[in-house]
Amino acid sequence: MKTRVVILAGGEGTRLSVLTAKRAKPAVPFAGKYRIIDFALSNCVNSGLVDVMVLAQYRPHSLVEHIGAGGPWDLNRDFTGGVRIYTPYTTRNETAWYSGTADAVQRNFSFIKQSRPELVLILSGDHIYAMNYASMIAFHNEHDADLTIAAIRVPMEEASRFGILQVDESSHVVDFVEKPANPPSNLANMGVYLFRLEVLNQALLEDHFRSDSSHDFGKDILPRLVREGKTRVYAFPYSGYWVDVGTLYSYWQAHMDLLQPEPPINLRDRAWIIHTRTEERPPARILRGAQVWDSLISDGCVIEPGAIVERSVLSPGVVVRSGAQVRESILLTDTEVAPGARVERSIVDKRVWIAENAWLGDIQADPLRDGFALVGKNTRLPAGIRLEPGTVVGTDVIPSDFESLVVSRGQTILTKRKPYEI
């Protein structure tokens, strides 16, 4: 059956703090060389789905530049599908911003139905997983479903963070509750929805005129369709690796998962390639005397003699100078760690200068309880600075913005310069 894919990629991602200060959440770098949205796009192509719409909203520039015409995913097509990026627009009756995920789809529905699909697959652009959507489509057809929701079992103690489904013995959904305080089960909504076109059209139209709706799939449309009982809703069981990297801890932990001896998601699987727009960089260079283990080192990185990199992920162009130490940290593109600096359980954005003898984070800290040392894009840290766990340094900060060489837990340092001075 002809299927059109709609990827929701407008998330502001406020829980990722400074990582989303200048980019949308799906455009946040991941695993050294990728962006988060690469996983949804690659799943589409690997599943044989090549008619893809991306609905962007918050700071779409990085996303638009990264996806471009879709070449890395073989989606640069004109007549047989391809990828198109849609951003909010104003009309005489509507404001520019989407009020929810369902509103984003509803306001672009005229574009969705142009290719006359029979099915519409709606995806979140900010999840890490490898899933064959063709299996879900086959399941949907076999059950003669109107709507199929991909679902995964999560630890019971985490179930309150998700939309929770209850199903009968035939996988028919009999109840759906969004983020319940006392979850009735641990079967969680993955944010992957397969609709028959006419069912989606009717559901969006009815929701559009409801004044009590927040116009969101998880909060409004899915619970209502299940509760009313007129729509055949089924749950497609998924048992692979899946994570919503919506918090700093889940983002960091997903990277640490990749450093296990046998990672739960295989980025080296040639039968299921995660495609991306690769930067043109020379091979990584690790000099004699450097110590590197259990890490992902991207192209263009340089690890000098005497440097230590342990259980960390380095994006393209990262330089770790002699005597510097990086442990259980994520360093994004073109960051440089000066001699004598220590970076431990920290997350550092692009083009950051970590000066001599700086100390970020603490390898002894509990990342879930204490948090991370977090540094925003284009920042220059002063020599000898101490960033304790749970501190935040914003984007474009320079040494003169610091009033002390110790930044204590809970503190946030922002630049004092005006936007036109940066």
(message) Taking the alpha-carbon distance from Lys179 and a cut-off under 17 Å, which lysines remain once sequence neighbours fewer than 8 residues away in the same chain are dropped?
(response) Lys219
(request) Please give the per residue volume of the convex hull enclosing the alpha carbon atoms of the chain, rounded to a whole number of Å³. (result) 159 Å³
(request) Kindly express, to the nearest 10 degrees and within the range 0 to 90, the angle between helix 197-208's C-alpha long axis and the longest C-alpha principal axis of the chain. (result) 80 degrees
(message) Using a Debye calculation, one point per C-alpha and no hydration shell, please list log10 I(q)/I(0) for the range 1-129 at q = 0.11, 0.17, 0.20 Å⁻¹ in order.
(response) -0.36, -0.87, -1.19
(message) For the chain, take the longest principal axis of its alpha carbons; what is the angle in degrees between that and the long axis of helix 37-46, to the nearest 10 within 0 to 90?
(response) 50 degrees
(request) In whole Å, largest first, what are the principal axis extents of the Cα atoms in the range 262-344? (result) 42, 28, 21
(request) Using label points projected 7 Å from each Cα along Cα→Cβ, tell me how many nm separate Gln364 and Phe402, to one decimal. (result) 2.1 nm
(request) Tell me which residues come under 5 Å, amide H to amide H, from Val406 once H is placed; ignore anything under 5 positions away on its chain. (result) Arg386
(request) At a Cα cut-off below 22 Å, give the lysines reachable from Lys377, other chains included and same-chain residues fewer than 8 away excluded. (result) Lys22, Lys25, Lys33, Lys350, Lys416, Lys418
(request) Answer rounded, prolate or oblate for the range 160-213, using the Cα gyration tensor with square roots of eigenvalues a ≥ b ≥ c: rounded when a/c is under 1.5, else prolate when a/b is larger than b/c, else oblate. (result) oblate
(request) Please sort by residue number the GluC sites (Glu not before Pro) in the range 276-316 whose DSSP state is loop and whose Cβ has at most 16 other Cβ atoms within 10 Å. (result) Glu279, Glu280
(message) Pick from Asp366, Asp38, Asp244 the residue whose mean-square fluctuation is largest in a GNM of the chain, springs joining Cα atoms under 10 Å.
(response) Asp366
(request) Can you list which of the GluC sites (Glu not before Pro) found in the range 41-124 are DSSP loop residues with at most 15 other C-beta atoms within 10 Å? (result) Glu94, Glu118
(message) Which one, Gly340, Gly371, Gly240, has the greatest fluctuation when you compute a Gaussian network model over the chain with C-alpha springs under 10 angstrom?
(response) Gly240
(request) Please give the length that would be gained between Arg15 and Leu287 if that part of the chain were fully extended, namely 0.36 nm times their separation in residues minus their C-alpha to C-alpha distance (nm, one decimal). (result) 94.2 nm
(request) First obtain the Kirkwood hydrodynamic radius of the range 236-383 from its Cα pairs, then insert it into the Stokes-Einstein equation at 25 °C and 0.890 mPa s, and state the resulting D in µm² per second as a whole number. (result) 154 µm²/s
(message) Compute a Gaussian network model of the chain, connecting alpha carbons closer than 10 Å, and tell me which residue from Arg386, Arg285, Arg342 fluctuates the most.
(response) Arg285
(request) For the chain, calculate the relative contact order in percent as a whole number, restricting contacts to Cα pairs under 8 Å that are 6 or more residues apart. (result) 12 percent
(message) At a threshold of 8 angstrom on Cα-Cα distance, excluding pairs fewer than six apart, so keeping six or more, what relative contact order does the range 285-421 reach in percent?
(response) 14 percent
(message) Whole angstrom only: what separates the Cα centroid of the range 107-180 from the Cα centroid of the range 34-66?
(response) 18 Å
(message) Straight-line reach only, C-alpha to C-alpha below 15 angstrom: list the aspartates and glutamates that Lys113 could link to, leaving out same-chain residues fewer than 8 apart.
(response) Asp51, Glu198
(message) Can I get the semi-axes of the range 81-231's equivalent ellipsoid? Compute them from the C-alpha gyration tensor as square roots of 5 times the eigenvalues, in angstrom, largest first.
(response) 25, 19, 16
(request) DSSP loop (so not H, G, I, E, B), at most 10 other Cβ within 10 Å: list which chymotrypsin sites (Phe, Trp or Tyr not before Pro) in the range 209-299 pass both filters. (result) Phe209
(request) Over the residues of the range 353-422, compute the C-alpha Rg and express it relative to 2.2 N^0.38 Å. (result) 1.08
(message) Need one number: convex hull volume per residue for the range 37-79, Cα atoms only, in Å³.
(response) 74 Å³
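No lab work stands behind these numbers, since they all come straight from the coordinates. Every value quoted in this text rests on a predicted model; they were computed, and no experiment measured them. Backbone-built Cβ (ideal geometry, glycine too); neighbour counts: all protein chains shown.
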